[in-house]
Amino acid sequence: AMLDLPIEVGDPAIQDMLVASARNILQARERRNGRIEFQVGPTIYRGVWVVDSYFFLEAARYLGFDADAEEGLDALMARERDDGAIEEMNFHYKETAIALATLVRQAQLAGDPDLLRRYWGAVERAVTYVLRRIDESLRLPEGAPNRGLLPSSMADGGAGGMRPEYTTALWTWVGLDAVAHAASTLGLNDVGARNAADALLERILRGRDRDRATTAEGVPYWPMVMPGSGEH
């Protein structure tokens, strides 16, 4: 059967690509523990991946599957741990910050600030967890390249292993900044998210200026894996 999308573009080939992409997302859903879970795929990547959930749940809203997105958000928040982390993989430090960004984004797309208020206790616990991780990095030796950012983490996206890298620090900034904006708008306690986000961004940009590189062709870029942390 054809999949009717609330999105239409004039180019039929692009429309077919959108339909195929939407079908792929919807067919990989699975009901587990009474909730719809959006999954990366049906085989070895079967399951809820916190990073991907940000984008899957956003796409679900665009496609008009608001009820499924609500269930998917509940499934994500079922990953909350006793220490405040929201993680599927306990070595993937960026997951908690991405979950924070997901909560804020879902409330925006739903046009429902009460959605965020319902989860605000979890938001406060997660921010506190994230701030503890930043504090850990501030206790690293003076010469550590990731001092003041995050402890060695898994960058993912092709860079495996625990190493000093920027993707976790960047996502941590995104999550803290989103919480700070939402707290300011709704009159909620940001648990220090604004001050932490601003300080973290300042240190990230100092690291960017330190680690900028240039390809053999002369193209400037910013490597996400810090120099001296090994190649992959």
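The values are calculated or read from the model by the stated rules, or taken from the named source; none is laboratory data. Predicted model only: the values in this text are computed from it and were never measured. Note: ideal-geometry Cβ built from the backbone for every residue, glycine included; neighbour counts use all protein chains shown. Note: areas computed on protein heavy atoms with side chains; ligands, DNA, RNA excluded. Shrake-Rupley method; radii C 1.70, N 1.55, O 1.52, S 1.80 Å.
For this structure, a couple of remarks:
- Listed residues ALA126, ALA99, ALA22, most fluctuating in the chain (Gaussian network, C-alpha, under 10 Å): ALA22
- Structure-based [θ]222 nm, the chain - -39500 (n - 2.57) summed over DSSP H runs of at least 4, per residue, nearest 500: -17500 deg cm²/dmol
- Taking the longest Cα principal axis of the chain as reference, the axis of helix 193-211 is set at about 70 degrees.
- Net charge dipole size for the stretch 132-174 [Lys, Arg +1 and Asp, Glu -1 on Cβ; Debye, nearest 20]: 80 debye
- 5 angstrom amide H check on ARG29, placed H, neighbours 5+ away: GLN39
- Simple label model, 7 Å out from Cα along Cβ direction - LEU138 to ASP156, nm: 2.7 nm
- Karplus-derived 3J(HN,Hα), 6.51/-1.76/1.60, for each residue of the stretch 77-83, Hz, glycine and proline x: 6, 5, 8, 5, 10, 4, 8
- Selection of GluC sites (Glu not before Pro), the stretch 30-107, meeting DSSP coil and at most 13 other Cβ within 10 Å: none
- What the chain shows is 51 Å² of accessible area per residue, with the surface traced by a 1.4 Å probe over protein heavy atoms.
- Farthest positive-ward along the stretch 128-219 dipole, Cα basis, beta-carbon charges - from GLY143, TYR129, HIS181: GLY143
- Equivalent-ellipsoid semi-axes of the chain, from the Cα gyration tensor, Å, largest first: 31, 23, 17
- Our estimate of slack between ASP66 and GLU202, defined as 0.36 nm per intervening residue step minus the Cα-Cα distance, is 45.3 nm.
- Pairwise Cα separations in the stretch 119-232 fall into 10 Å bins from 0 onward with the following percentages, short to long: 14, 42, 30, 13, 2, 0.
- Nearest 10 degrees, 0 to 90: helix 94-110 Cα axis against the chain principal axis: 40 degrees
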